[in-house]
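Student: Input: one structure, supplied below.
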Amino acid sequence: MNYENLYQTLQPQEKNLKDSIASLQRLFKAIGKETENGDIKSLSRDLHSMAEAAASASSVLEELQATIDGFDTKAYFENGDFAEQMLAACREKEIDVRGDFPVYEMFPYRIRLDAENQDVYMDRKKVQCIRPQSLAGIIKTGQEKLNKATFNAQSFLNELAEAYDLAVLKLKKRPGTDVYLSSLYKFLAPMSRFRKDYDQQSFAYDLARLYNSDIEETKNGRRFQFGPSRNSSGKSFRILDNSGHEQFLSMICFYDKQED
């Protein structure tokens, strides 16, 4: 199965519907003038024409519905065709993809396919889209928008250092020790309404931009270092470096220069 085949079938049907609707609108406008002017003969003629146009539109609607009903969306998801075509569309748009069905990482997005309900989730948001090419376009547009967004690596590092200090205090850790980045995220976005606007994928994207920047220390001269990570760890954040290679970041520490 291929959604593009359905799309090609629907296009001429939709054009026929558009033409029928245009005809109805034109006749409705004419009927209004004829009623106002008392042109009964023309009014009667156009009402008859309008009934024919309405019947034509109804027929096209039935044809469209039959075409859509004939596309087995459940099978499209369950047999893997949707996933295969989604990955092909991503390759065409040079979108880096990691993972396997039903969860894929397309940095900084996490795409989950719900085959049972034929739904697609982009992070935690349901995306009403089962056309692979369109989904790839949404992802690509989002990535390009993030790339163009203003980002101040120095300010982000300073905020990260403040969250680190708070985490060290709250978790009763020794300053200079590694702290999980997932813990710092909770300090940066302590309430659920904040996490809705700044989710973990956005946090991962900012981490990547910091990782790829030339910033080495905070405004008060403290250095930082990302700690050891494991790519299978649930506490790791997957990013891409400047060479397009994946890196996994899980911990970070801040320390004074004299500790080097």
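The values are calculated or read from the model by the stated rules, or taken from the named source; none is laboratory data. As the structure is a prediction and not an experimental result, all values here were calculated from the model. Positions of Cβ are generated from backbone atoms using ideal geometry, with glycine treated the same way; all protein chains shown enter the neighbour counts. Accessible surface is based on the protein model in full, side chains and every heavy atom, while ligands, DNA and RNA are left aside. Shrake-Rupley method; radii C 1.70, N 1.55, O 1.52, S 1.80 Å.
Student: Running Debye on the range 1-145 with equal point scatterers at the Cα sites and no solvent, what base-10 log of I(q)/I(0) appears at q = 0.10, 0.14, 0.15 Å⁻¹?
Tutor: Result of the Debye calculation: -0.53, -0.74, -0.79.
Student: Computed over the Cα atoms, what is the radius of gyration of the range 1-86 divided by 2.2 N^0.38 Å, N being its residue count?
Tutor: 1.63
Student: Per the Kirkwood treatment, what hydrodynamic radius in Å, one decimal, follows for the range 74-193 from the mean inverse distance over all distinct Cα pairs?
Tutor: Radius from the Kirkwood sum: 16.8 Å.
Student: Another question about this same structure. Got the relative contact order for the range 70-151 handy, in percent, Cα pairs under 8 Å and 6 or more residues apart?
Tutor: Averaging sequence separation for qualifying contacts and normalising by length gives 25 percent for the range 70-151.
Student: What 222 nm value per residue comes from the helices of the chain, counting each DSSP H run with n ≥ 4 as -39,500 (n - 2.57) and dividing by all residues, nearest 500 deg cm²/dmol?
Tutor: So the calculated ellipticity at 222 nm is -18500 deg cm²/dmol.
Student: Next up: Just the projected area, averaged over all directions, of the convex hull on the alpha carbon atoms of the range 111-260: how many nm²?
Tutor: Its average projected convex-hull area is 10.7 nm².
Student: If you don't mind, there's one more thing I want to ask. Please label the shape of the range 118-183 as rounded, prolate or oblate, based on the square roots a ≥ b ≥ c of the eigenvalues of the alpha-carbon gyration tensor (a/c under 1.5 means rounded; beyond that, a/b larger than b/c means prolate, else oblate).
Tutor: oblate
Student: A further question on this structure: Output the Cα-based Rg and Dmax of the chain in Å, rounding Rg to one decimal and Dmax to a whole number.
Tutor: Looking at the chain, its Cα Rg and Dmax stand at 27.9, 98 Å.
Student: Rounded if a/c is under 1.5, else prolate if a/b is larger than b/c, else oblate: which is the range 157-233, with a ≥ b ≥ c the root eigenvalues of its Cα gyration tensor?
Tutor: On the way: a/c = 1.33, a/b = 1.14, b/c = 1.17.
Because its axes are fairly even, with a/c under 1.5, the range 157-233 counts as rounded.
Student: Solvent-accessible area of THR73, probe 1.4 Å, all protein chains present, reported in Å² to the nearest ten, please.
Tutor: Only protein atoms counted, so the area is about 40 Å².
Student: Oh, and also: Rounded to two decimal places and with Rh computed the Kirkwood way over Cα pairs, what is Rg over Rh for the range 147-197? Each step should come with its number before you reach the end.
Tutor: Details: Rg = 12.3 Å, Rh = 12.0 Å.
Ratio of gyration radius to Kirkwood radius: 1.03.
Student: Gaussian network model of the chain, Cα springs within a sub-10 Å range: biggest mean-square fluctuation belongs to which of ILE68, ILE239, ILE139?
Tutor: It is ILE68.
Student: Here is a follow-up. Over the range 1-67, calculate the relative contact order: mean separation of alpha carbon pairs under 8 Å at least 6 apart, over the residue count, as a percent.
Tutor: Rounded, it is 48 percent for the range 1-67.
Student: Moving on to the next point. Restricting to Cα pairs below 8 Å that are 6+ residues apart, what does the relative contact order work out to for the chain? Please round to a whole percent.
Tutor: 14
Student: Once whole DSSP H runs in the chain are found, which of them have Cα atoms spread over 27 Å or more along the helix axis and a mean Kyte-Doolittle score of at least -0.5?
Tutor: Qualifying helices: 40-69.
Student: What's the local net charge at GLU159, with K and R +1, D and E -1, over the other residues with C-beta under 14 Å away? Could you put the intermediate results ahead of the total?
Tutor: Numbers: positive: LYS186, ARG209, LYS219, ARG222; negative: GLU162, ASP165, ASP206.
Net charge around GLU159: +1.
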